[in-house]
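Below is one structure, written out as structure tokens, with a few remarks after it.
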């Protein structure tokens, strides 16, 4: 027989056999276990109800239910991941309400920040100077920082770090000229500046000035006479600076926890360049109707779903603080003090990036706080700042404004500059409003009574314990509260854990 004829015949036989095998019932080719693992039953009980199928095809009713659930899930994730942008927008709108509409119009707290404004975990112990840069309108913008200022930071419209000023920044506390470039800037970069390029048009500049002799006067004057902000194009004839004193003034800077949140987020997405966010985040926001170049106009069905989603997401954000699931996030074993940055990363990276972005850590931080800088997370001995959250007593219970507590601050607090403990309202995450305009204690301005061992006992409750008035901070019955302990210029004992704050002890 001819070899080529035999080869052709053999190939034809192989093809016929393979075709016959492919035509066999699927069950004859794979195991039942494999089929069960990939098949969908006709009826499945789930947390959203019973979902039904015909041989894997969803019924119309089930498809509607699943689409509603998908929109709900995307709405929850949009809130949790959109908080940084909405929070910056809330700050911008709050500043605008005081007349701070241009970069040369600086909101300053000449007499410190009291409890009147709604401002996420602001402190009572440094002089704040706040300005918003508009790089789309002004182009490259110069910020002249005077020497001897405290830590300052520029953040973009998604609350990401742009550059530090002051001691943690490149001027090292000596002052200098900073140049902030727009995201789409392609021109020459002049010499003589500390230069940073932002990813957004709107940028928040927040500066802090230290107390001198327990008073804000030095830093207030420092900012008013030395801080300059102007477009680079107007460097030869900069606009005059305007300072708006916000001390003892009620205004709101906190984003909404209602459907309005999505409208705030849409304003940011519409204004900022498309490249400010990566495609994943843009796609998430667009899935609920928030997309650059398009109106945000959800129908009644979608608005109802998003209203439900924001309620669940808001509760979720709050759960992240009060019910921490990872014991490693506390300062020490048995402590109820939580680290200032969950994961100890200012970039919110899990396991140094091996676990990607730590989404819960980012939500946790921005729901309760503002300002992002490496100087708040990295080990910088004698510079920058460190924080810890105190929100439970020694028994692991939330802090109740109708009860009384004692907190021991051990001697030799490892803070070169100063330490403070500020009390916040669990609802607003802003300073607790009581008859005390400054709900805090620090070692610079408060005439605290110290113990013989150099430690100090702080008291919290609706009434001052007899003889403890100087060390007492008022709380409100029926309201929850929490604190932040701050160390400015933190020292080694903080980082190595040899110094720890005491626990909140319920006073019987």
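For the stretch 319-364, name all the residues that are part of a helix (DSSP H, G or I) and at positive phi. So that I can check it myself, show each step before the final result.
Kept after step one, since they are part of a helix (DSSP H, G or I), are these residues of the stretch 319-364: 319-322, 327-329, 342-344, 350-353, 359-364.
Passing the criteria: 343, 344, 351, 352, 353.
Taking the conditions exactly as written (closer than 17 Å to residue 216 by Cβ, in contact with a strand residue (DSSP E or B) (Cβ under 8 Å, 6 or more places away or on another chain), without any contact (Cβ under 8 Å) to a residue 60 or more places away in the chain and not assigned by TED's automatic domain parsing to the domain that holds residue 445), does residue 122 satisfy them or not? Spell out the reasoning first.
Values: closer than 17 Å to residue 216 by Cβ: yes; in contact with a strand residue (DSSP E or B) (Cβ under 8 Å, 6 or more places away or on another chain): yes; without any contact (Cβ under 8 Å) to a residue 60 or more places away in the chain: no; not assigned by TED's automatic domain parsing to the domain that holds residue 445: yes.
The answer is no for residue 122.
Of all residues in the stretch 105-119, how many are buried (at least 22 other Cβ atoms within 10 Å of the Cβ) and closer than 28 Å to residue 137 by Cα? Before you say what the answer is, go through the steps one by one.
Of the residues in the stretch 105-119, the ones buried (at least 22 other Cβ atoms within 10 Å of the Cβ) are 106-109, 112-113, 115, 117, 119.
Then drop every residue that is not closer than 28 Å to residue 137 by Cα, which leaves 106-109, 119.
Selection size over the stretch 105-119: 5.
Of all the residues that make up the stretch 38-62, how many are assigned to a helix (DSSP H, G or I), at pLDDT 95 or above and exposed (fewer than 14 other Cβ atoms within 10 Å of the Cβ)?
Here is the first cut: in the stretch 38-62, the ones assigned to a helix (DSSP H, G or I) are 38, 60-62.
Narrowing further to those that are at pLDDT 95 or above: 60-62.
Pick out the ones that are also exposed (fewer than 14 other Cβ atoms within 10 Å of the Cβ) and you get 60-61.
So the answer is 2.
Give 428, 445, 434, 473 a once-over and let me know the one that is modelled with pLDDT under 95 and closer than 28 Å to residue 117 by Cα. Talk me through it step by step, then tell me what you get.
Numbers: 428 fails: modelled with pLDDT under 95; 434 fails: modelled with pLDDT under 95; 473 fails: modelled with pLDDT under 95.
After applying the criteria, what remains is 445.
Which residue, of 74, 92, is under 30 Å from residue 194 (Cβ atoms), in a helix (DSSP H, G or I) and assigned by TED's automatic domain parsing to the domain that holds residue 270? Even if it seems obvious, please write down each step before you answer.
Numbers: 74 fails: under 30 Å from residue 194 (Cβ atoms).
So the residue among 74, 92 that is under 30 Å from residue 194 (Cβ atoms), in a helix (DSSP H, G or I) and assigned by TED's automatic domain parsing to the domain that holds residue 270 is 92.
Determine if the stretch 157-176 includes at least one residue that is part of a loop (DSSP other than H, G, I, E, B), outside the structural domain of residue 81 (by TED's automatic domain parsing) and closer than 14 Å to residue 140 by Cα. Steps first, answer last, please.
First, pick out the residues of the stretch 157-176 that are part of a loop (DSSP other than H, G, I, E, B): 157-160, 166-175.
Checking which are outside the structural domain of residue 81 (by TED's automatic domain parsing) leaves us with 157-160, 166-175.
Add one more test, that the residue is closer than 14 Å to residue 140 by Cα, and what stays is none.
Within the stretch 157-176 (the criterion being part of a loop (DSSP other than H, G, I, E, B), outside the structural domain of residue 81 (by TED's automatic domain parsing) and closer than 14 Å to residue 140 by Cα), the answer is no, since none of the residues qualifies.
Just for strands (runs of 3 or more DSSP E) wholly inside the stretch 383-501: which have at least 1 residues that are over 19 Å from residue 335 (Cα atoms) and in contact (Cβ under 8 Å) with a residue 40 or more places away in the chain?
Numbers: elements: 385-390, 405-409, 415-425, 440-442, 456-461, 472-474, 480-490.
It comes to 385-390, 415-425, 440-442, 456-461, 472-474, 480-490.
Can you find, within the stretch 230-261, the residue that is surrounded by the most Cβ atoms within 10 Å (Cβ to Cβ) among those that are in the same structural domain as residue 128 (by TED's automatic domain parsing) and without any contact (Cβ under 8 Å) to a residue 40 or more places away in the chain?
So, considering only residues that are in the same structural domain as residue 128 (by TED's automatic domain parsing) and without any contact (Cβ under 8 Å) to a residue 40 or more places away in the chain, the one surrounded by the most Cβ atoms within 10 Å (Cβ to Cβ) is 234.
For the stretch 187-199, name all the residues that are touching a strand residue (DSSP E or B) at 6+ places or on another chain (Cβ under 9 Å) and assigned to a loop (DSSP other than H, G, I, E, B). First the steps, then the outcome.
Taking the stretch 187-199 first, the residues touching a strand residue (DSSP E or B) at 6+ places or on another chain (Cβ under 9 Å) are 187, 189-190, 192-199.
Scanning the stretch 187-199 gives 187, 189, 190, 192, 193, 198, 199.
Looking at residue 325, is it surrounded by fewer than 16 Cβ atoms within 10 Å (Cβ to Cβ) and under 30 Å from residue 377 (Cβ atoms)?
Spelling it out, residue 325 is indeed surrounded by fewer than 16 Cβ atoms within 10 Å (Cβ to Cβ) and under 30 Å from residue 377 (Cβ atoms).
Tell me, please, whether a residue that is assigned by TED's automatic domain parsing to the domain that holds residue 270, under 21 Å from the mean Cα position of the chain (by Cα) and buried (at least 19 other Cβ atoms within 10 Å of the Cβ) can be found in the stretch 339-346. Explain how you work it out, then say what you get.
Narrowing the stretch 339-346 to residues assigned by TED's automatic domain parsing to the domain that holds residue 270: none.
For the stretch 339-346, residues assigned by TED's automatic domain parsing to the domain that holds residue 270, under 21 Å from the mean Cα position of the chain (by Cα) and buried (at least 19 other Cβ atoms within 10 Å of the Cβ): absent.
Taking the condition of being under 22 Å from residue 431 (Cβ atoms) and surrounded by fewer than 15 Cβ atoms within 10 Å (Cβ to Cβ), how many residues in the stretch 477-508 meet it? Steps first, please.
Going through the stretch 477-508, the residues under 22 Å from residue 431 (Cβ atoms) turn out to be 477-488, 501, 504.
Going one step further and asking which of them are surrounded by fewer than 15 Cβ atoms within 10 Å (Cβ to Cβ), we end up with 477-478.
Qualifying residue count for the region: 2.
Sort out which residues of the stretch 369-382 are outside any loop (DSSP other than H, G, I, E, B) and either crowded, with 20+ Cβ neighbours inside 10 Å or without any contact (Cβ under 8 Å) to a residue 12 or more places away in the chain (or both), and write them in order of number.
Hits for the stretch 369-382 are 375, 376.
Quick one: count up the residues across the stretch 285-312 that are touching a helix residue (DSSP H, G or I) at 6+ places or on another chain (Cβ under 9 Å) and either assigned to a loop (DSSP other than H, G, I, E, B) or crowded, with 19+ Cβ neighbours inside 10 Å (or both).
Selection size over the stretch 285-312: 16.
The values are calculated or read from the model by the stated rules, or taken from the named source; none is laboratory data. Values in this document were obtained by computation on a predicted structure and should not be read as measured data. FYI the Cβ positions are ideal-geometry reconstructions off the backbone, even for glycines, and counts take in every protein chain you see.
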